[in-house]
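Below is one structure, written out as structure tokens; comments come after it.
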Amino acid sequence: MVVSGAVFVGLLAIPAVQGWLLKRALTGRPGWRVNFDHFGAGPSGVDVSGLDFAMPGVEAKSAPIVIELTPWRLVSRREIRIERIEMSKLRVLLTPAHLSPDDATAPKAAKASKPFGGVLAQVPTTWPLSLGTAQLDGEIVVNDGGRSVVAGTFNVHGGGVSAEQTGALAFELAVNSALLPPGPANQLRSNGTVSLSLDAEHRATRLTLDGDLTLPDYGSLVLPPGKFSVTVEPAAGGEKYHAELHLGTAAVLVLDGQLDAANSRLTGHATIRADQSLAAGLKVKNLPAVALDGGADFSLDLRTGDLDVNLAGNLDAHDWAALLPQLAVVDAFKGRLTAALTRRAGTLSVNRFEATLQGATSPAIFKFELTDPLDPLHPPQRPLARLTLEHWPLHWVNPWLAPARVQLGPAEFSGQWTLAPTPALGLRLTPVYPCTLGPVALVKSPVPVTPIVNFTFSPVAELSAQQLSVTIEDFIATASHEDKVDGRVAVAFTLANHTLHATGALHGTLPSLLAGAGKNVPFTLNTLWDITQSGRQLRIDKLGFSARRDAKVTPYVSLRFLQPLSLDLDHLKTAVTGKNAEWLRLRFQHLPLAWVSRWFPAWTIGGDVIEGETVLHSAPDGRLTLDSAVPWRVADLSIAVGGRTFFEGGGQMAPMLDFGAGHGTFRLAGMTVESRTGERVTGSIAFDAILADRQGSTAVAFDVDLPALPHSAETFGPIHAVVRARLHNQTSRLVAVDELALKINNRGGELFSLEATQPFLFGLSNNGVFTTATLSPLRLKVEALPLAWLRPWTGKLVLDGTLQPCDLLLTAQFTKYQLRAQKPVHVRDFAAVFDGREMARDTEFSFYPGLDLDFNCVPLPKFILAYSATAYLTDGAIDVGGRRAVDLDLALNLLGNTGRLLPNSLELSSRVDFGPLSAEAALAARGIPRAGTLVTRINGGLLGHDPLEVWGRLEGVPAANGQGTIPTFEFSAHGQLSPEQTLTADVALGLATSPQPTDARFEAAFNLNQSNLVIASGFHSSFIDVNGLLALVTAFLPPAKSASTPPPVAASSPPKPSRLKYTPKPDQPLWGPLRGRFELDIATLQYAPYRIDGVRGRLDLRDRELVLSDLSGAMFAGRWGGRLQLDYRPENPASTYEVAGEFGIEQFDSARVVQTVFRNELASVEAHLNIKATAHSRGNLPLDLINRAEVTFTAEGGPGVVRLQVPKQDAIATAVVFGGSILLSPELRALGRLLKKFAEMPVDTVHVAGQRTTNGEVTLQELRIQSPQARLLAHGRIAASDEPLMQHPLEMSFDLAAKDDTAVILSGMSLLRWKPDDTGYRPMKEPFAIGGKVGQPDTRPLYDLLAKAVGGSKGTWGMLMRKLQDEVNKKKNAPPKKTVAPPSP
Amino acid sequence: MKRLLLFFIIACAPLLAAPAPSRTLTLVGSATNTTTEGKGVMHLTLVLNGTQAKAELKTDAPLSGSGQLKGRFIGGWCELEGKLAEGFTIKIRGLLNRRDLRGTYFVAIPGAALQYGKLSLAVQPAPAPPKTS
């Protein structure tokens, strides 16, 4: 027994026996199979190699498997201790369809499995188990239908599972699936840890699963990486479960469940929340914002599989514009879903399902609800759900209508359908009541008359895998004023053969559209159709249309198919019938046209299409022909726009169409339009096409007789025009024009012609560029045309002259075009009168026009255009009165595209001779001088790439005062234009004034967009002659309206500006477009005879102010300074400008002023003065402002000298008196001493105060001269004059007071009062007057007074001097008396 | 007799007066045929005599054109025209100042469309007078 037992044990220890026993044990079950190369089991473990295991649905193969056990633990602790498990390259193949074959055949409802004790209860406790380490890796494959749908790899390692210890196994899983989009990284990946805790009795107390989950991308859905955790713990009566899945923060799924182990019932609650950030992970970014949350309560019987689920969820969706911009008008929606599902006895039933969407601010409602429980796998053939759409605003479609300039007013769509499954998994939607759409009103429409329409219809829709169809049997559209269209419409689309079948019939009465409110409708409309299109075959079973006043009369228009027609759309032919057949007939009979006016505001159209009949035939070979046996004839046609009739007459045409054998011809033959006044157009248009070759040609021929165009009687007379054109397509993209001719003649011959003498091509090149090529130029000829023909259309402008014949040639070479003139465009005897005022006469002009154009246009798929053009005007000349007035040459290069046209460069040369131009009255009135020339050139870039240079010279212009010509003026600017269209340039000006030229240099920026010139630079000049500048300005001022001959001016006097009577009303300030500031640096500023040296200051130019500030300089040895502001007040046309200024000169040498004018004159007052003056003026012109200036001034100074010069009556006598060498009377000797004092009288102080009035007169309120022996007090006036101030007439009244020697002398002459005043001076008994000029005072009244005192007579100074001369003569003749002093040598 | 003599003197005065001296300018610069977009160097020797102008034109490759031109010069406005050795006619119009001549031109080639161009020629400094020993 023992031996046999030992033998048995020994046999069991043989691996072959073990393997045989294992195979025997496993293969005894159906579907099971096991093979291996080696199987060995011993007390310390099991090793297997070459394992090949199969059971229903599962196959596994493995590399060597090693399981190490610790046998003594079984003995010592009654515990199965697995020290190590190693399974590598384990391959598991699952075929779900083959799993549990016996289960698949057993009735599910009847089967109830044994109670489920829970997940933790699956851990065996009979034989306490512990695990040291485990290492498993391999792959798992899931097959379905013979192909692999899932393939993944796994790796598990870890261990440490034993009593009172938590073991942990780490896992990694990567799964690919054919169900996922292809991609190397598109895997479901998860890794984490499974932890199992056992208590002392080896019972599982906690199982946790934590890990990361990366879900694969599915299309545009890219979910964020997730984290999950699952916890299984024991609970009273079973287990409790908690699971969470977090997809970032965007979505959270939480499940809490509890197992009632006794009843095997799992209950719980699951919640899900997702917000719109979930969409942030989507590849498709333009999605609306959607947030949802929901929950489900479930109860699952694990034994029977019975299930109860109640679902509820909410949805919030808005920002539809993210999906499509046009959806911005769509409301936000709030949604609610509730559902109840049960599974009983293996049958799933949806007992309740209701989904609603409600507009947040609009009443729009979408509602879907089950009306009966639904078994999704066995849907009943009866209505079980209801779909409701209520109050859906129609204006949500407005964004799509905007391009058509159509906008709908408020309108709503409502409808409700029952949904019933149909056989073959179809669905039928049956309206519960008619759908309504309305009131549909076009609040914006290019069509002027659109009534408010309400629609009702009941669309029955059937959807199935075979066909989609919609049938409306009760279509009704109604509007006010009895507009109504009703009928039926049905459309069905068969999916299998893509056949579209449409049938319907509509009847309409549309008074609003065809007549207007309150008017009788001209006709009613009827149409019916039954058309089927399948592929390129079209079958028309029925097609009819008619417009008729009522059923009793013949229709105005009728289109009728006479029999069913099958049409090959590719070849536009019908089937071969072997005989002629008539298919369609279109007939007109007295169709009124007045209703068309309803659609064109301001247009009035009248007339009738009185007859016309066109029939569609087919030939025996299937060729189709459209013949107009009766031409379409229109009679009494009238077209008026805005009450003005443009056409009255009639016309006819006969449309003809011929199709067949791939060739088609369409002709509008016999076209005739003839007006009542005799205008007549006859012609034809024919279009031929060979469809197979995609070849087509068109021929156009028209003859136009226009005997009575408006104003033709007094202008060009009857016109006859001929148009001939033939063209064909050379390729699918290129058209060849074989013939093109347009000729317009009048009785005198040809007026205008456009002709292509040889064929030319146009179309798209291979790279899509629009291209044109001419073999010879297109020729445009214009014969001599009197400009007087334009008079009826030029209003107040009356033109005269003759445009001489022109001959222009247009050449094209692909993208390059050239327009050239054979001879200059020339107008002779040009004259223009505008509103009775002569603008030009006796004028002739000519020029060569030219254009080089590089035109690059790609019209498709997106229109792209770029071009460079240079326009030329060369050899330009304007002659006035037979004399050349203007020479001009211009080349302007332009760059452009679809959006912009930019001037790129300019070459301009011009010469203007003012002499001939001044003969034009209009130009003369604008101030153009009677002679002189201006040459100007502008060269360079206008886009900032190249510099721009301007240079010009003005010379030979007569001065406004008639004194010769103004100095030659040259100007130049060198700068560059910025992209902002601002030209920044160095400007230099030169005026050839004599003896020293005037010059100026500054930097300026000219903004071409705002047309203003901005400067912010120094203004440098060596010399400025103000008179020269004024001469330049005044030479271009308009002449005085009341011309007065200027008084003759002495040749020696400097030129002075003329007085201008003309006062323009300027529309911009004197400084024109100039803005900014100048820092003035002028070496010398001369306003002859005055000059200021070293002028510094600042000039600010604003829109309404000109400010000169911080002025300084040297004038008459004094320091000159001041400030001036000129305000521009265009709102005050009487005086547009107002000027206010302050000036001062310190230590001004009064003698220099006199000597500036009278070079040899000693000044009456010679002192250094401080002058202060304030000025104020108003006017419209610079000279006005100067002439009308009001000035208040004061002068203070001293010490100095006052000279009361002796009148130059007799030099000898004066010398005698002064010399006193001749013994005269005591009175004369006293006079002699007095004159010596007066001749050069030292003064302590000089004070002057006065005012200048607007008429130029100066009032001297006070002149006070204080000297040690005399005091002069004076007042008076300086009369206005055109001369320099020193030459103005002077009228002064003087009071002289004296003391000391002078008082003794004058007292001796009995000229003083006896009593001195408070200051000690004794006043003269009477004042004296001084006249003359400011620079040359006439002191004779003073000396007359003295003469009277000396002579005691009534004589004057002159008489006294003559007496004195006589005395001297007598003395010379008499023997000399003895004196105490020897006579002078 | 005296009156007759006086009339004779007055009438012949212009003839007896010394003729105005002519000026010769040498100009060199660029010329651009804007129709063909060709660019080259142009040499122009310009003789100004009152309002009359004569010139000799030479053009370097790739442009072509050389020959005698004549025209007018009034207040800076310069207009020259002539038939060139290459068989075509050129007309130049522009403005001449102390520094340069800038303007436009066109050439009429028999049997072809007019071609347009622009020029910018700088006045070359006058050669130094020959030194006399």
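The values are calculated or read from the model by the stated rules, or taken from the named source; none is laboratory data. Small disclaimer: the values here were computed from a predicted structure and weren't measured. Don't worry about glycine lacking a Cβ; one is built from the backbone with ideal geometry, like all the others, and counts go over all protein chains shown.
A:Met1309 meets all of the listed conditions (1) at pLDDT 80 or above; (2) surrounded by fewer than 21 Cβ atoms within 10 Å (Cβ to Cβ); (3) under 21 Å from A:Met1241 (Cα atoms) but one, namely (1).
Here are A:Ala877, A:Ala871, A:Ala866, A:Ala885: which of them is free of Cβ contacts under 8 Å to residues at least 24 places away in the same chain and assigned to a strand (DSSP E or B)? Going through A:Ala877, A:Ala871, A:Ala866, A:Ala885 in turn, the sole match is A:Ala871. Residues that are within 14 Å of chain A (Cβ to nearest Cβ) and surrounded by fewer than 18 Cβ atoms within 10 Å (Cβ to Cβ) within region B:30-47 comprise B:Ser30, B:Thr36, B:Glu37, B:Gly38, B:Lys39, listed in sequence order. Scanning region A:685-714 for residues that are farther than 24 Å from A:Phe646 by Cβ and either part of a strand (DSSP E or B) or touching a Cys at 6+ places or on another chain (Cβ under 9 Å) (or both) yields A:Ala686, A:Phe687, A:Asp688, A:Ala689, A:Ile690, A:Gln695, A:Gly696, A:Ser697, A:Thr698, A:Ala699, A:Ala701. Among the criteria (1) over 27 Å from A:Gly795 (Cβ atoms); (2) modelled with pLDDT of 85 or more; (3) not charged (D, E, K, R), the one A:Ile864 does not fulfil is (2). The set of residues from region A:875-892 being of a type outside the set (D, E, K, R) and closer than 19 Å to A:Val950 by Cα comprises A:Val886, A:Leu888, A:Leu890, A:Ala891, A:Leu892. Looking at (1) touching an Asp or Glu at 6+ places or on another chain (Cβ under 9 Å); (2) assigned to a strand (DSSP E or B); (3) of a type outside the set (A, V, I, L, M), which one does A:Pro451 not meet, given that it meets all the others? For A:Pro451, the failing item is (2).
Filtering region A:286-322 to residues that are of a type in the set (Gly, Ala, Ser) and touching a helix residue (DSSP H, G or I) at 6+ places or on another chain (Cβ under 7 Å) leaves A:Ala289, A:Ala291, A:Ala321.
Of the strands (runs of 3 or more DSSP E) lying entirely inside region A:747-813, not one contains at least 2 residues that are within 14 Å of another protein chain (Cβ to nearest Cβ) and among the aromatic types (Phe, Trp, Tyr). For region A:890-937, a tally of residues being out of contact with any Phe, Trp or Tyr (no Cβ under 8 Å at 6 or more places or on another chain), among the hydrophobic types (A, V, I, L, M, F, W, C) and facing chain B (nearest Cβ under 9 Å) returns 1.
Within region A:906-948, the set of residues being assigned to a loop (DSSP other than H, G, I, E, B) and farther than 22 Å from A:Gly1028 by Cα comprises A:Ser918, A:Ala919, A:Glu920, A:Leu942, A:Leu943, A:Gly944, A:His945, A:Asp946. Number of residues in region B:48-103 that are within 14 Å of another protein chain (Cβ to nearest Cβ) and outside any strand (DSSP E or B) equals 6. For region A:724-735, the criterion of being within 19 Å of A:Cys806 (Cα to Cα) and either at pLDDT 90 or above or not in a strand (DSSP E or B) (or both) is satisfied by no residue at all. Filtering region A:724-770 to residues that are among the β-branched types (Val, Ile, Thr), buried (at least 17 other Cβ atoms within 10 Å of the Cβ) and either over 20 Å from A:Arg694 (Cα atoms) or in contact with a helix residue (DSSP H, G or I) (Cβ under 7 Å, 6 or more places away or on another chain) (or both) leaves only A:Ile744.
Condition check: away from chain B (no Cβ under 14 Å), under 21 Å from A:Val880 (Cβ atoms), crowded, with 19+ Cβ neighbours inside 10 Å and not acidic (Asp, Glu). Does A:Phe847 satisfy that? Criteria not met by A:Phe847.
Does any residue of region A:962-983 turn out to be closer than 30 Å to B:Ala31 by Cβ, small (Gly, Ala, Ser) and within 14 Å of another protein chain (Cβ to nearest Cβ)? For region A:962-983, residues closer than 30 Å to B:Ala31 by Cβ, small (Gly, Ala, Ser) and within 14 Å of another protein chain (Cβ to nearest Cβ): present.
Is it true that A:Asp1127 is of a type in the set (D, E, K, R) and at pLDDT 90 or above? Yes, satisfied.
Search region A:949-961 for residues being assigned to a strand (DSSP E or B) and within 12 Å of another protein chain (Cβ to nearest Cβ), and hand back the single one that is farthest from the chain's Cα centre (by Cα). Among them, the one singled out is A:Glu955. Screening region A:454-477 for residues that are of a type outside the set (A, V, I, L, M, F, W, C) and part of a loop (DSSP other than H, G, I, E, B) and picking the one that is surrounded by the most Cβ atoms within 10 Å (Cβ to Cβ) gives A:Ser458. Would you confirm whether or not region A:377-393 contains a residue that is basic (Lys, Arg) and under 29 Å from A:Leu300 (Cβ atoms)? No: region A:377-393 contains no residue that is basic (Lys, Arg) and under 29 Å from A:Leu300 (Cβ atoms). Against the test of being on the phi < 0 side of the Ramachandran plot, in a helix (DSSP H, G or I) and under 47 Å from the mean Cα position of the chain (by Cα), the options A:Leu500, A:Leu513 yield a single qualifying residue, A:Leu513.
In summary, strands (runs of 3 or more DSSP E) completely within region A:1249-1329 and bearing 3 or more residues that are out of contact with any Asp or Glu (no Cβ under 6 Å at 6 or more places or on another chain) and free of Cβ contacts under 8 Å to residues at least 24 places away in the same chain occur at A:1258-1266.
Scanning region A:938-948 for residues that are buried (at least 20 other Cβ atoms within 10 Å of the Cβ), at pLDDT 85 or above and either more than 18 Å from B:Asn97 (Cα to Cα) or within 8 Å of chain B (Cβ to nearest Cβ) (or both) returns a single hit, A:Asn939. Only one of the listed residues (A:Val150, A:Val142, A:Val161) is touching a Leu at 6+ places or on another chain (Cβ under 6 Å) and within 21 Å of A:Leu94 (Cα to Cα). That residue is A:Val142.
For region B:17-29, the candidate set comprises residues that are more than 19 Å from B:Gly75 (Cα to Cα) and surrounded by 15 or more Cβ atoms within 10 Å (Cβ to Cβ); within that set, the residue that is nearest to the other protein chains (Cβ to nearest Cβ) is B:Gly29. Please specify each residue of region A:510-535 satisfying the condition of being under 15 Å from A:Arg598 (Cβ atoms) and buried (at least 17 other Cβ atoms within 10 Å of the Cβ). Matches in region A:510-535: A:Leu510, A:Pro511, A:Ser512, A:Leu513, A:Leu514, A:Ala515, A:Val521, A:Pro522, A:Phe523, A:Leu525.
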